[in-house]
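These notes are about the structure you will find just below.
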Amino acid sequence: MANSLAEQLANLRDTRVWRSIFRSGFGPTNLHRALAVQQNVFLHLSSVKIRKRSLSFRVTWFLGTLSLGTFLILVATGIPLMLYYHPSVPQAYADMKDLRFAVSAGVFLRNLHRWSAHAMVLLVFAHLFKVFYRGAYRPPREFNWVIGVVLLMLTLFLSYTGYLLPWDQLAFWAITVGSNLISAVPVFGTKIRFLVLGGHTVNANALLRFYVLHCVVLPLAAAIFVAIHFWRIRKDGGIYSGEIKKP
Amino acid sequence: MSEPKDFVAAMDSNSRKTPVRVAFVTRRTSPHVKAHDDDTVMTFPEGLFRAAVAVEVLALILVAIALLWDAPLEGLADPTVTPNPAKAPWYFLGLQELLHYFPPVVAGVLIPTLVILGLIVIPYFKINIEAEGLWTRNRTQRLRILAVVTAVFAVFLAVFHVYAVLIPTLLIAASMFFSARSTPSPGRFQVWLASKPLSFWIMSWFLVQAAILTLIGTFFRGPGWSLVMPWSGQI
Amino acid sequence: MNRAWLGSIVLALAMTSACSRHAAGPAEAPPKAFGAALVLVSGDKQAAGVGSALDQPVVVQVNDEKGTTVAGALVRFAGAGGVIFDPDRGLTGSDGQFTTNVSLGGVHGLYRIVAATKNSSGKAAEIRIDEIALGYQETLGKQVSDIHCVRCHDSESTPERVSNHDNLIAQAHSFTDGAILNAMSDADLAAIIGHGGAALGKSAEMPPYGNTLTKPEIDALIGLLRALADPPYRPQGIFYAGR
Amino acid sequence: MSDDAKKPEGAENDAAVSRRQAFVTLGVGSICAACAGAAMFGYEFLAPNVLYEPSPVVNAGKPDGYPAGSVTQDQQSAVYIVHGPEGIYAMSAVCTHLGCLTAWKPELGIIACPCHGSKFTRAGVKIEGPAPHPLPWLRAWINEDGDLLIDRSEPLGQKQFVRT
Amino acid sequence: MSLPKRVRSAWQYLFGNSASAFGTLSGVLLILLAVVPAKDYFREWLGYQKQYLRLIHGRGDATSLSRRFQGGLQQIWMPELGVVDRCTTCHTALKEASLADVKTQPFRPHPAIPHKLTEFGCVICHRGQGAATTVEEAHNSTKSWEEPILPARYLEASCGQCHLDRLMGTPRLNQGRDALAQYGCVRCHTIKSPDGVTMTGSDAPPPLQHIADKTTREWIAAWLKNPQAYAGSATMPNFQLADDETRDISAFLIAQSTPYQTHKGTEPAPAASQDTAALQEGTSLYGESFCSSCHAMQNTAGMLVGGNLGPELTRAGSKVKTEWLADWLRDPKTYDPDTRMPHYRLDAKEVGLLIGFLSSKSDSDFLGNTQLAAATPAQVEHGKTLVIERGCANCHAINGVKKPDNFAPELTLVGSRPLERILFAPGVPHTLADYIGAKIRQPRSFGNALKMPQYTLAPQQVDALATALLAQTQLAQTLPVSLRIPGRAPSHYRPAGKAGQLIDDMRCFSCHKIDGRGGDMAPELTWEGSSVERAWLVSFLKNPNTLRPSLIRRMPKFNVTDAEASTLADYIMTVYQTPAFDQETLDSSRFTPADVEHGKELFYGKYACQSCHIVDPNKDKGYIGPTLTQVGARLTASWIFHWLKNSQSLRPGTQEPVWNMNDEDARAVTAFLVAQKNAPRKEAAQK
């Protein structure tokens, strides 16, 4: 049975339909393996071959991969959460209660989303420090470092805008405190705050703006920058795996 | 960039020819080989499996956490009642802690902007590219500069009573002085420290500082932003 | 997951032990004497709103075999359903009596509280005391009763009102008279309250209240009768009438 | 990991290869199973457990408000309350064709749908138009307070009148 | 193989290379993810629903119970009330009366109440969190919701959110609201009803502008030290003042006092009669004047006997000066224009007797150890500071001290006060109800510097006060106005003219209610003119004989003159007429003896009126209603007739049942009653 299933799968891979979608088949040879990466729009961002040393845990601690992992988890949990969320006052809070008490697995999704968000901030910071300490920011990777800093900012903004959405005391006051920081910016401070909040206080407008930023603008920007970041890894010579002492 | 170039590189028009990496040895770089290409493996499946394993470990941990602990949710937002203490998200608590000491323009704008700018310009610093030890050149002069900077900084922080920053700063400065010490048979730790460039020291100082301030803001601040112990149950 | 379970169990154990230690509170006074029997002095069959304190304290007395009072005997009170005693244990006074204030639980109905003492050989003697908690309906019934009913149906006079019970030829049933009232259905009671005694072949001294009281008030009154009944009222199996 | 690294690719023995293959199958299979499970549970998640919708039972007030011979349309709850010679009955105002809200035309004495021109009598029977069924009758009754209640949740199979 | 080796080889097998690690971890992840739907399946509420099905299984009416049972999440949604209640998900049997024997929650049926579940849901009354579906979150105070279930003893507070008026089924709420007014809570704390009416005090704190003429500084100091030591029933709280503070406040109060317009100049002060015979006579006069209708006094057994409208007089002799008492008894208004005490028109001898009697009611222990030296200006100044600090002027009129505004926190929304804003005293459980209770019971346990004084209250009163305060919620303010049952608007009815002056002079409103104004101690007089015969009224005003023998509180004799009685009677007969019926409907002169005889049969037979009323004092014993021996001289035929038909419409709340008699019966009984015009017999009244 298992054999025939495997055969059937193998046969499936040989069909025209399969080939038309995946272009290359799976196969035991390095050619197949190379094609699998090359001909996939996502995997294509990385190179076909990778330095063996850079795969060692010691080198990167996989912090970049993990950061991407949290981002994917956040997207995967965030979209279902949007189905039970209205960005309006005070309905947003009631929706939190519904997620907690009425929606099947709603509380799990929210927990996972929330904890992953914290994990992402932590991992991105860790990634930054790790990259710094192993010297991977140095030329020719200096621009990718800058993109990394931009991604750090995006991560912080994503986390921060998401913070307001539950519309509870924690959210409201964290955003009140945080947004008042903006008004400390010389000259334009209060103007920027006015624009960000869509008003003079944290209110329904602010909630809607944060919602749009959190669900559309920032994830899109992050996705684009992540793509550039990955592409630049390849272009800048692969994952930096340290200098090798001469044998 | 304005210096005259020592070489000219041109694109080869032969598209069938495999591109080869070429190293240009200029006047400003030494000719010895620092690194050479390593063994490579296929990204698929080896690299991807490893990435998948890493992400799965992460997912396992996060799912377990999500199953066991509920995300915090407090009462409905009430603009008339400020909870005491009102805290920002944890990653901003270091900033909030600074705000406790400095005026908003300094702590809320100047410092974050400087940090971001600093992070961005790091790779463009010549000194980092060289990656040589801080004390390898101009040792006395650099020591003098370090002493002055440390002193100015210490006075500044002491005036604002920012001991949470002052003490770690002094400790880092002390270890810098320690690494600069010329001892006949330096220990391995000292050798390791001495090999570190200035950027390492600045980044370490930033990391330690951010960690300490965030920890204080998260765990040691209670009602009215007063100093409390985490086990007192007031946070 | 295991660790969390383990942690919560440990925490729960720690908390229960902490609580139980707290509950023990001040060390219990050892009894100075032992009695053989407990006698109720006063305070049973009181009715009060749910969760509230009874108006009168409950007083019990400890006697020895010969029936003389025992001073310094330990009396403990206990009750289920959230009954609170103030205090819940103590030694009898020189008159052999022990007094406690009782607060009833949050559910309407009968509360059975138990007072116990131990004799010299450690055998417990106890008495059961019934108190009644009134819910919304019974409380309303009591208000109605206080205005319209008790003057004739309660044979006891208080400083605030003089009982009219003995002035009647027909002896009005006490509301606690479960032996008679339990046998009457809700409809019977509603009829006699609403139409008066004369309409049902009983004494005309019971006036009709059908035009005075509203239906909810009559229902509330019946609810009060059911709550006060002694022996307690046990409704026959009610079948909910579907639409 | 280090073992693998030392061996040349071709030297992998069959047992190792098949074991590796088995684990890969297990891994991919698990992930597929998780996705399938998520898809199945997705239905559970997407189907709301509680609804924020008005109750299907509508209180239409006292029956006295509907004089004999009248047809009253309750716009809010999309029902007709008709007081015919046999008593009061309730009828859905939603056209059985494609769900448009029909309207009572007092001057013609018919119920008409604005969307595709279906017309019904006051008993809900179709006169003309594309509507496949007559307008469904709804269960109506008088509660203890004397109010007329109408249950919109399911159509009645037969005629039913409330006598006042 | 040793264990570590085994472990190592197992590890190597499962995680040895990236492929096996991938496979193993995917499997583990799958299992862990399977916990998510499993956790959903073992939800608390699902467990309760299964438990319920087991419970009803095997009961006689299991079929109909299970037919009515609805599984899954249940929700009551009322957007206009802001109600999302999922309580019925677990409390499945709220409407199942046949489960009356089930005592375990969550399956107990709900006791009968006037409101339907589908009208208001659960949390509007019980509080707690309606949206929650776990026991802990729904019932207890949590981080996200600090509103726990309201304990049963305070449940009437929820009624008070809509019912701003007195409600018969909520005695505790009524008691609490009365206490708020009676103990002067609302004189310091502003408490507004949701309809915007500010609660006002019903106590009558005496003005202190002329206090020096009334009492001594020693008494003031001793009273301030502990008011309840002077009179156990005193509503003035204990401000827990130190000796030097009472000394200084008393100094200030005496210093600020100004003389009042006394009778001294015009009439000689009557001498207090002190001999035994006079004392005996004074005691009788005190009794005959029915002073105890308003004033209480301890009897020899230590029991307090009498009303609570006026102050307790057990130790009055230790308090007041005799010259002041003489003036007061002659006409209280000269000292306090707003007093509730009526003007008794006593003659000099009677005043003397009463002074003698009251002076004998002294307690040497009370003032025994209060010795005060003459006050220094510093003490007076300090006393004034204290008076301002303690807010004495909130209740008392004091020269030179204004009534402060917003002296104490406003309590309009105290029932919704966030716990975060509350500082709990040690040992007080962290719930709002416990906080309020503790605060009322022992205000100073929350800090010695607090201004709130110590009251002497029974536990039931504390619960009642907490209940009334817990009704002051935000929800009460925001509920739809259509749900509000407004309180009765305070009446400012003020009769005019000569009769109005008399009514004011005799302070009829202290006991009687007319047109919505006045006390509830005595019968309402709004339609008195329709009810009584003028001749009877005049004689009653001059010499009120008792109508209800069983009552302790009775109408005092004011010694009115003929002219005054006539004026009052004229006014009452003209103005206090009901629009409900015409006096002319029944002509009593057309009653025949046969009517009377028939009425008598009905009276004694069909209606058994004798169970509550007395017509023939030798035979009848009824004690509840007024004696009817002379009812024909007292009441008009039309009133009796309509009274028999529908008493409640003429005087809402009367104990007389609505007989709803037919016209013939009512006419006959009226005829019988109108015939009862005998003069009152003394022995009957005393029985």
Quick numbers on the range B:73-121, Rg and Dmax over C-alpha atoms in Å, give 14.1, 44
With no solvent term and unit scatterers on the alpha-carbon positions of the range E:555-668, Debye gives log₁₀ I(q)/I(0) at q = 0.11, 0.14, 0.19, 0.23 Å⁻¹ of -0.44, -0.71, -1.19, -1.46
For the pair E:Asp338 and E:Thr592, the simple spin-label estimate (label points 7 Å beyond Cα toward Cβ) gives in nm 6.2 nm
Dividing the mean separation of Cα pairs under 8 Å (6+ apart) by the residue count of the range A:57-235 yields a relative contact order in percent of 24 percent
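Heavy atoms only, 1.4 Å probe, whole protein assembly: order E:Glu528, E:Glu533 by accessible area, highest first. Don't jump to the answer; show the numbers that get you there.
Working: E:Glu528 25, E:Glu533 70 Å².
Ranked from most to least accessible, the order is E:Glu533, E:Glu528.
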By accessible area (1.4 Å), largest first, E:Leu285, D:Leu51, A:Leu170 order as D:Leu51, A:Leu170, E:Leu285
Rounded to the nearest 10 Å², the 1.4 Å probe accessible area of E:Met303 is 110 Å²
Rounded to 0.05, the calculated FRET efficiency for the beta carbons of E:Asp365 and E:Phe42 at R₀ = 51 Å is 0.10
Expressed as a whole number, the average count of other chain Cβ atoms within 10 Å around the Cβ atoms of E:657-667 is 2
Heavy-atom accessible area of C:Arg151, protein chains in place, probe 1.4 angstrom, given in Å² to nearest 10, is 30 Å²
Residue-ordered couplings for the range B:97-105, obtained by feeding phi - 60° into the Karplus form 6.51 cos²θ - 1.76 cosθ + 1.60 and rounding to whole Hz (Gly and Pro as x), are 5, 5, 4, 5, 9, 10, x, x, 4
Taking placed amide H atoms and a strict 5 Å upper bound, the residues 5 or more places from D:Arg152 or on another chain that come that close are D:Val57, D:Val58
Once all protein chains are kept in place, B:Leu114 shows an accessible area at probe 1.4 Å, nearest 10 Å², of 110 Å²
If amide H atoms are modeled at 1.01 Å from N in the peptide plane, then the residues at a separation of 5 or more from C:Ser157, or on another chain, having amide H under 5 Å from its own are C:Ser163
Candidate span helices, chain E: DSSP H, at least 24 Å along axis from Cα coords, Kyte-Doolittle average at least 1.0, result E:18-41
Summing -39500 (n - 2.57) over every DSSP H run of at least 4 residues in chain E and dividing by its residue count gives a helix-only mean residue ellipticity at 222 nm, to the nearest 500 deg cm²/dmol, of -11500 deg cm²/dmol
Residue span E:Met168 to E:Gln583: 0.36 nm per residue of separation minus Cα-Cα distance leaves a gain in nm of 146.1 nm
Here the range E:191-204 yields Karplus 3J(HN,Hα) values (6.51, -1.76, 1.60; θ = phi - 60°; whole Hz; Gly and Pro given as x) of 10, 9, 6, x, 7, x, 7, 8, 5, 10, x, 10, 7, 10
Between the alpha carbon centres of the range A:57-107 and the range B:150-198 the gap in Å comes to 43 Å
One point scatterer per Cα, no solvent, Debye formula: log10 I(q)/I(0) for the protein assembly as shown at q = 0.05, 0.06, 0.07 Å⁻¹ comes out as -0.66, -0.88, -1.09
Relative contact order as a percentage, the range C:136-228, C-alpha pairs under 8 Å and 6+ apart, gives 37 percent
Expressed in µm² per second, the diffusion coefficient of the range E:9-81 from the Stokes-Einstein equation, with Rh the Kirkwood radius over alpha carbon pairs, at 20 °C and 1.002 mPa s, is 128 µm²/s
At the level of C-alpha centres, the distance separating the range A:148-208 and the range D:110-164, in angstrom, is 54 Å
Restricting to Cα pairs under 8 Å and 6 or more apart, the percent relative contact order of chain E works out to 12 percent
Counting all Cα-Cα pairs in chain A, those more than 30 Å apart amount in percent to 45 percent
Cα-Cα longer than 32 Å, checked against C:Lys142/E:Lys557; A:Lys130/E:Lys39; C:Lys142/E:Lys95; D:Lys62/D:Lys126, kept in input order, equals C:Lys142/E:Lys557; A:Lys130/E:Lys39
For chain E, the Cα gyration tensor yields equivalent-ellipsoid semi-axes (√(5λ), largest first, whole Å) of 62, 41, 20
The range E:583-633 and the range E:194-235 have their Cα centres apart by a whole-number Å value of 48 Å
Once B:Arg139, C:Arg161 are ranked on solvent-accessible area with the largest value leading and a 1.4 Å probe, the list reads B:Arg139, C:Arg161
Computed, not fitted: 222 nm per-residue ellipticity of chain A from DSSP H runs ≥ 4 (each -39500 (n - 2.57)), nearest 500, equal to -21500 deg cm²/dmol
Everything considered on the Cα gyration tensor (a ≥ b ≥ c; rounded for a/c under 1.5, else prolate if a/b is larger than b/c, else oblate), the range C:37-134 must be described as prolate
Whole-Hz Karplus couplings 3J(HN,Hα) for the range C:169-179, θ = phi - 60° and coefficients 6.51, -1.76, 1.60, Gly and Pro as x, run 7, 6, 7, 5, 6, 5, 5, 8, 7, x, 4
What helix-only [θ] at 222 nm does chain D give? Using -39500 (n - 2.57) per DSSP H run of at least 4, over all residues, to the nearest 500, the answer is -8000 deg cm²/dmol
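The values are calculated or read from the model by the stated rules, or taken from the named source; none is laboratory data. All of these numbers come straight from a predicted model, not from anything done at the bench. Neighbour counts are summed over all protein chains in view; Cβ atoms, including those assigned to glycine, are modelled from backbone coordinates with ideal geometry. These area figures cover heavy atoms from the full protein model, side chains too; ligands, DNA and RNA do not enter into them. Shrake-Rupley method; radii C 1.70, N 1.55, O 1.52, S 1.80 Å.
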